[in-house]
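Beneath this line is the structure, given in structure tokens, with notes to follow.
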Amino acid sequence: MKLSARKLLDRSFTAYGFFSILLMAAALLILLVPIFVRGIGAFVFFETLENRRLNLEKFNRGNRHAIQREIAQSVEFRRPVYERIAQFEEEIREMDSHSRREYRRELNALKHALRELLGPFPGEDTPVLWRNQYGQTRWDRAKVKFHEVMHIREWDYSDPDRMGVKVYRDRREAFEGTSLVALFDDLEDNIKHILRPRITVYWRFLFDRSFDAHFFGGIWPEILGTFYLAIGAMLFAVPIGIIAAIYLTEYAKQNLFTSLLRSGISTLAGVPSIVFGLFGLAFFIHTIGVSQSKSVLAGSLTLALLILPTVIRASEEALRSVPHTYKEAALSLGAGKWFTVLTVLLPVALPGILTGIVISMGRAVGETAPIIFTAAVSVGRPLKFWQTFSQPTPALPWNIYNLSTEHEAVDEIRHVQYGMVLTLVSLVLILNLAAIILRARISRKLKG
């Protein structure tokens, strides 16, 4: 090959490599930046007075005197709203039956929207659910509900070639010519005085358990459950995986059985994770009965099977990468084969083995399908260690899926969904960073 052609190829491959790196970096930014920006909203956000009330009344958190003073100030701005509604209800009674029916329907819709924004009306019975006992606790959601108070949502079907288009009509039009129109002006002028938003840092999101189906509280049970499942999977998979790798590299003969064994390991690495979940349900729970139903133990065993091929292959490659002269030197000094493996091969291969273990742990942390059938529940309390043998647990991967697809109020808890995603991604990144640092330190020590 001519020198000019070789230089051209070298430059082409270099440019292609830089382009690939930039493309990967851009993809990571596109993926991670929205997760971080929206996920941080679970920790830092503008809370309303309703959130401070909830924390004081349910958890005894906050300055009682300051919050009570704010409540008294807010009541002064809320009172005209309720007085105007009461006055309008008196006016309705004097109208004809048709007008009374029309205005009553519109008034009930307005009162429902106000309850979602500000909480129950004075004198009403306390609802059972926390979400109905208080108004909007977050200012971003309060603005959405305030828009629903001020506007009526309708659908425009005027264009036969298109689906219905959502439009909003000013709610004042429904009460035109009545005394209730002034209520909307009061709300526009005083909504910030009523809800009194201010920025807050909710670091307890990581350490509180959820309340009222994740409307309030944090994700500690999910974090703890994820750790239980990942650590349990490692406890089962790592020893078996390393022993299997030692057998395949140092003891197994190159015959048909070994070839079939390696093919089976490679095949298992490509089996869809949902298949492992169904196998875990059928074998660990229904056949050998490690637990009566779902449990962390059953989920950990299932995840261990899932990541076992990765641990075996990574450990096997790490052992094969050890220079053959190390083994020959140990054997020539009279060391036995097993002693050589333990004191020479494993320490040198440890950086590669650790890399495989951490990659496997990252996969175990993020898997959803295997734990659906064996370990995960939507809502639960933090488990004690001894409860993991018989009880299921919430877990970040499953709860992210569940809250994003099956929750009754998906839009109301977007901050919880993104907060969970940010926490899960952070855990995986921390694990990989720890592996890089640990591998670098071990490599330095081995080099002397």
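The numbers here are math on the coordinates, done by the rules we state, and not lab data. No experiment lies behind these values; they were computed from the predicted model shown. Cβ placement follows ideal geometry from the backbone for every residue including glycine, while neighbour counts extend to all protein chains displayed.
Results, tabulated for the structure shown:
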{"quantity": "Antiparallel bridges, percent of DSSP beta bridges restricted to the chain (to nearest 5)", "calculated": "95"}
{"quantity": "Option label - Rg/Rh (Cα atoms, Kirkwood Rh) computed here, alternatives (i) 0.96; (ii) 1.14; (iii) 1.00", "calculated": "(ii)"}
{"quantity": "Acute angle (nearest 10 degrees) that the helix 414-447 long axis makes with the longest principal axis of the chain, alpha-carbon atoms", "calculated": "20"}
{"quantity": "Farthest positive-ward along the chain dipole, Cα basis, beta-carbon charges - from Pro394, Trp130, Phe283", "calculated": "Phe283"}
{"quantity": "Crossing angle, helix 64-93 versus the chain [Cα axis fit, 0-90 degrees, rounded to tens]", "calculated": "50"}
{"quantity": "Global geometry of the stretch 124-185, whether rounded, prolate or oblate, following the gyration tensor of its Cα atoms and the 1.5 cut on a/c", "calculated": "oblate"}
{"quantity": "Given 14 as the ceiling on other Cβ atoms within 10 Å, longest exposed-site-free region of the chain for trypsin sites (Lys or Arg not before Pro) in DSSP loops", "calculated": "254-383"}
{"quantity": "Helix-only [θ]222 nm of the chain, DSSP H runs n ≥ 4, -39500 (n - 2.57) each, per residue, nearest 500", "calculated": "-21500 deg cm²/dmol"}
{"quantity": "Max mean-square fluctuation residue, GNM over the chain, Cα-Cα springs under 10 Å, options Met95, Met150, Met24", "calculated": "Met24"}
{"quantity": "Lys, Arg +1 and Asp, Glu -1 on Cβ, resulting dipole of the stretch 351-433 about Cα centre, debye, nearest 20", "calculated": "340"}
{"quantity": "Cα gyration tensor, the stretch 332-448 - rounded (a/c under 1.5), prolate or oblate", "calculated": "prolate"}
{"quantity": "Filtered chymotrypsin sites (Phe, Trp or Tyr not before Pro), the stretch 206-315: DSSP coil and at most 16 other beta carbons within 10 Å", "calculated": "Phe207"}
